[in-house]
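*Asks:* Before I ask anything, here is the structure I am working with.
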Amino acid sequence: MYVLPARVKGFIRGWWARTGTVGFSTTFAGAIPDASGSMNGVVYAVSDDELDRTDKRESGYTRTDITNSVEILGGSFKPKGKVWVYLNKFKDEHELKNSLPSADFPIVQSYVDIYLAGCLQIQQGFPEAGDFAEEFIQSTREWSKYWENDRVNPRRPFGIPMAQDIDVLLKKYLPAFFTEIRLAPGRW
C-alpha cells in the first residue's frame, strides 16, 4: 500500500459532516464542490473489496471521480486507476448551515488530532509536499467555538472494538439512560 500527498482543485473541506451514528454526537470534516476551492489530502490504494466496504461505511456521502483533477504533491508518480473523493450530500445551503458545529455537535480534538498527526507524518515523509498540516488548517472552513477537547475521554471510540454495536444496544434497551450519558460538557 502507498500513501501519496495530493491536492485537488474545485472542492473545499469544512466542518459540516454529521452522520447517523448512534452515540456521542460529533461534527466531522467533509467536502463539497466549489469551483474556486482547493484542498489537500492523501491518495492511497485500495482493493475492490475495500472500496465496497468504504462505500457502505460512507453511505451518507457521494463517491466522486477526481482522477483528472488530482495533483500529486511529491514527484511525478500518477496513481493507476481511478481516484475518488467522498462528498457530502446537501440538498441546499440551508441543510449545510444546519450541519455546522454546535453545542450538541462539536468539533472534537481527538478527531482534529488524527487529521493533523497524519498531516505531520506526510510532511516528514514528503518534504516536497510543503507545509501540509498548515495547508490542512488554512483550507478547512467552518472552524468553530464549538470545539471540545476530548483527549482524555474521546467522543469517538476509535480503539474500542464493537463500540457502535454496543451503543446501538444501549440506546435500544436503555433509551432514557442512554440519552443522559455525558462527557465533560463544553462551556460555550
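*Asks:* Could you please find all residues in region 80-96 being within 25 Å of R53 (Cβ to Cβ) and within 22 Å of the chain's Cα centre (by Cα)? Break it down stepwise before answering.
*Replies:* Of the residues in region 80-96, the ones within 25 Å of R53 (Cβ to Cβ) are 80-90.
Once the filter is applied, which keeps residues that are within 25 Å of R53 (Cβ to Cβ) and within 22 Å of the chain's Cα centre (by Cα), region 80-96 yields K82, V83, W84, V85, Y86, L87, N88, K89, F90.
*Asks:* Further, regarding this structure: Condition first: without any contact (Cβ under 8 Å) to a residue 40 or more places away in the chain and either part of a strand (DSSP E or B) or closer than 22 Å to A129 by Cβ (or both). Now tell me which residues in region 38-60 satisfy that.
*Replies:* The one that is without any contact (Cβ under 8 Å) to a residue 40 or more places away in the chain and either part of a strand (DSSP E or B) or closer than 22 Å to A129 by Cβ (or both): V46.
*Asks:* Looking at region 114-154, which of its residues are at pLDDT below 90, of a type in the set (D, E, K, R) and surrounded by fewer than 17 Cβ atoms within 10 Å (Cβ to Cβ)?
*Replies:* Of everything in region 114-154, just one residue is at pLDDT below 90, of a type in the set (D, E, K, R) and surrounded by fewer than 17 Cβ atoms within 10 Å (Cβ to Cβ), namely R151.
*Asks:* Any residue in region 81-109 that's surrounded by 13 or more Cβ atoms within 10 Å (Cβ to Cβ): show its pairings with residues that are of a type in the set (D, E) and not in a loop (DSSP other than H, G, I, E, B) at Cβ separation under 7 Å, as long as the two are six or more apart or on different chains.
*Replies:* Taking only residues 6 or more apart or on different chains, the pairs are W84/D65; P106/E148; V108/E148; Q109/E148.
*Asks:* Within region 1-27, restricting attention to residues that are buried (at least 18 other Cβ atoms within 10 Å of the Cβ) and aromatic (F, W, Y), which residue is modelled with the lowest pLDDT?
*Replies:* Among those residues, the one meeting the criterion is F24.
The values are calculated or read from the model by the stated rules, or taken from the named source; none is laboratory data. Since the model is a prediction, treat every value here as computed from it, not as a measurement. Note: ideal-geometry Cβ built from the backbone for every residue, glycine included; neighbour counts use all protein chains shown.
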